1. On the first, second and third principal axes, largest extent first, how far apart are the outermost C-alpha atoms of the range C:1-108 in Å?
2. Which trypsin sites (Lys or Arg not before Pro) in the range C:167-227 sit in a loop by DSSP (not H, G, I, E or B) and have at most 12 other Cβ atoms within 10 Å of their own Cβ?
3. Could you state the principal axis extents of the C-alpha atoms in the range B:44-260, from the largest down, to the nearest angstrom?
4. With a 1.4 Å probe and every protein chain kept in, tell me what percent of the accessible surface of chain B is carbon plus sulfur.
5. Kindly flag which residue pairs out of B:K97/B:K191; C:K46/C:K189; B:K97/B:K208; C:K41/C:K183 have an alpha-carbon separation exceeding 18 Å in this structure.
6. Tell me, what is the per residue accessible area of the range B:44-260 in Å², probe radius 1.4 Å?
7. So which residues in the range B:182-198 end up with at least 40 square angstrom less accessible surface once the other protein chains are there, compared with the chain by itself, probe 1.4 angstrom?
8. Scan around C:H213 for amide H atoms under 5 Å from its own, H built in the peptide plane at 1.01 Å from N, and keep only partners 5 or more places away or cross-chain.
Amino acid sequence: MTRHREILVGVVIVAGVFTAVVGTLWLQEVTLGRGTREVEALFDEVGSLMRGNPVKLRGVGIGRVQSIAVEPGGEAVRVRMRIQEDVELPADPVVILAPESMFGDWQAEIVCRTVYPQFDYYEPREPEVLGGHALPDITRLTAAADEISATLTVLTARVEQAFTEETAQNISLAIDNIQEVSERLRDLVEVQAGAFVELATEVESAVVELGGAARSANLAFQKVDEILGAPGTESLLEDVQATVFNLRELTQDLGSTAQGAQVLVMHADSAFVRLDRLMAQIESGEGAFGRLMADETLAIRAQDALRDLQALLEDFKENPHRYVRLSIF
Amino acid sequence: MKTRFLLNPFYLVGRSALDTVAQIGRWGGLAMDTLRALPQVGTWGRLLPGQMARIGVDSVPIALFIAAFTGVVMALQASYTFTGAVPLYFVGTLVGKTMILELGPVLTGLALSGRVGASIAAELGTMRVTEQIDALETMAYDPAAYLVVPRVLAGIIMFPVVVILATATGIAAGWLTSLQLLDMSTPEFMKGLRLFFLPWDVQFAVIKSLSFGLTVTSIGCFFGFTTRGGAEGVGLSTTRAVVVSSMVILVLDAFWAATLL
Amino acid sequence: MSIVLQDVHKAFGSNQVLRGFSLEVHEGETVAIVGQSGTGKSVALKHVVGLLKPDRGEVWVDGVNLGQLAVERLNEIRRHVGYVFQFAALFDSLTIEENVGLGLRRIPEMTEKAMAERVRECLALVELEGYESRFPAELSGGQKKRAGLARAIATQPRYLLYDEPTTGLDPVTTTVINRLIMKTREELKVTTVVITHDMESAYLVADRIGMIHEGVIRFMGTPEEVRACSDPVVRGFIEGKPELLEGAG
Ligand SMILES: Nc1ncnc2c1ncn2[C@@H]1O[C@H](COP(=O)(O)OP(=O)(O)O)[C@@H](O)[C@H]1O
Ligand SMILES: [Mg+2]
């Protein structure tokens, strides 16, 4: 045992301990010399938040989630976050939990309540504890789109059976509603846009287009009177069917992975191209609803169907979360 | 005759089960002797640094070598598996998590069971068959204090150190691979690395490697001590030490995963 | 009466080696044990230092029964016993100097300087000066044996046990070792047990010679008595006639 070997043993041990300690601190992003403090928030539920997820303020990481525990009594969930001491929180701060990306990692973002007034935050009784809200994630959004697509399918099925003047008016009303729904959908998307930017932009532009299409459809249906008796109904209906089929595929794709994003956009594109063509046809006076109007029973059934649809859409406007949840679980 | 032939498998199973239990009992005996020898600091204290150098320092190159290549391969295979579907920064997550939790401790443990366990078994086995251990005893030395304690202590102290260095090397190799071959950026890799990291992971790895150090050295000592016969017996002990300590490492690995994670 | 083995039985598995082995070695006396190889001479000697425990029978050393002795007490006795192993059993990882000094380290009042002095003395005694920093692997068989002897006498023990100290050595070295055995006996009044095959050595160094056969002492007596013994087993052994041993049973 020479002195040289003994020194070597010392060097290796010091290197090992140093690596372990510094590595751990570094991976934890603990910045030595800078203090941290704890912030607590209460939520109705916390989605897929996990210990160790980042805490952000204006998109900047300022700490990590320390612990997540259901309150005694099960009324709420308490989330403890350790953040940098010198970071100043905004006035009237609340915490929004949302996915950071499509892959299950969530984040807690501290924001000012007035920026996102639309959410119902949990209201804690303790003054120093923040209120919070967990956003629905992408699967919920997908489910909403699915719902709309299903409604559109019903709509087309009914359209195939009857298309009266009254029906046309109802349709225009329904499309009004679709427009509103799509705007809500867009809001939902906007809320999450910060995180999964790419996908969200696609969904958002799709929804905007859906809204635009609905508006032009609205205009078109005002001219429905004028186009009664015009030829080409079959091709028109085929177009509607194809459009709905595309919409359906689109919503299915929303549910699959990011790889599907491109396909999804392509589907959306062709859907709207077809919808555009449909509207153009209606506007130009092609197609005829006369034959459909001749059958009274059909007309009545069509009106019933449209009433159903309308009730459905009204309800969706009132309680979007109900549908969202139902279709997930 | 026929029934005896038929009963042979049962005999063999029973025989080997009893042998195994007896071996464990004898190992326990040596463990007790070793514990009893712990207060004899005067005897083993002088020998500990040498064993730490042999068991720890000399094992660093092989451990780092294995870890570095594991890190490279893991980064490449992760990126191959993730093609398109999962963002590349998960390469960092995979390399980091598996290196710290599993591959760092276990691969190092297995490599050192070959390097350290075999050399201890061969050395002590030779000492046994050439009566050097008897000679120690006649000179009023406690063989457990003189031979076993310094080796086992050195294993317990140095294994975690070697594992930590190996793990860090593996992660660094994975990072360099991501940078050079996968076209990832450093922040991307770091993001993945930090994503699910918990300080507990490191403690877990240290606990695991402590137990591996204890396993490899004590099993090496045990088979060395119980060596019978000449050179052939030494060879047999060496092989057994490696095989048994590798198996125990894997069993312990599963045990820790089940109890501590 | 300083070394007593009384009706010692020892078996390894089904191999019954000692079957009632009894031996008494008096203070200051030198006893040689002779016998064919494999008859249990080494096994018997190992009982004296507690390396083996008898299945049956008793072992007394220095007036102490080794039977249920705690390790600490046993080590106390071992400090006064020097054991020369058949194949030297030097520690491979230590130099000759460290090998010889290892026993001295156990003595609390021993200084490094006194230790080095004593090691040099012992190595000089076995004519191994200049080999201090060699490792055992760098020594010949005879040199190893002498180093083992130096190690055994280094602590100035009151008992010396030699297991075949001259087997396989050239005649000159054999004489050196025989003289050494006699010298230590005379100078230090050491109680000695020598295992040997070599009747010449036995006649030379021993006060009494015992012959082991089939696990027991077949005959015990002074060299003159051994020379005069008419037991065919003893005669067969000392004259190297296996047929006599066979016939005796
Ligand atoms: N530790 C042991 N384990 C099993 N058998 C042993 C052991 N030591 C000695 N023996 C057996 O005991 C017998 C006597 O051996 P030993 O005393 O070495 O003979 P020798 O008289 O030549 O010194 C031999 O058959 C040997 O195989
Ligand atoms: Mg022998």
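1. Principal extents (Cα only, largest first): 40, 30, 28 Å.
2. On the way: sites: C:R179, C:K183, C:R185, C:K189, C:R208, C:R218, C:R227; in loops: C:K189.
In loop regions of the range C:167-227 (DSSP not H, G, I, E or B), the sparsely surrounded trypsin sites (Lys or Arg not before Pro) are C:K189.
3. Ordered largest first, the range B:44-260 gives principal extents of 69, 32, 31 Å.
4. Working: 8330 of 11380 Å².
Answer for chain B: carbon and sulfur cover 73 percent of the accessible area.
5. Working: B:K97/B:K191 13 Å; C:K46/C:K189 22 Å; B:K97/B:K208 15 Å; C:K41/C:K183 24 Å.
In this structure, C:K46/C:K189; C:K41/C:K183 exceed 18 Å between Cα atoms.
6. On the way: 7660 Å² over 217 residues.
With all protein chains present, the range B:44-260 gives 35 Å² per residue.
7. With the partner chains in place, the range B:182-198 has these residues losing at least 40 Å²: B:R194, B:L195, B:F196, B:F197, B:L198.
8. Distant-sequence amide H within range of C:H213: C:R218.
The values are calculated or read from the model by the stated rules, or taken from the named source; none is laboratory data. Computed from a prediction, not measured in an experiment: that's the story for all the values here. Counting neighbours? That spans all protein chains shown, and the Cβs are built from the backbone with ideal geometry, glycine included. Ligands, DNA and RNA are excluded from the accessible area calculation, which covers all protein heavy atoms including side chains. Shrake-Rupley method; radii C 1.70, N 1.55, O 1.52, S 1.80 Å.
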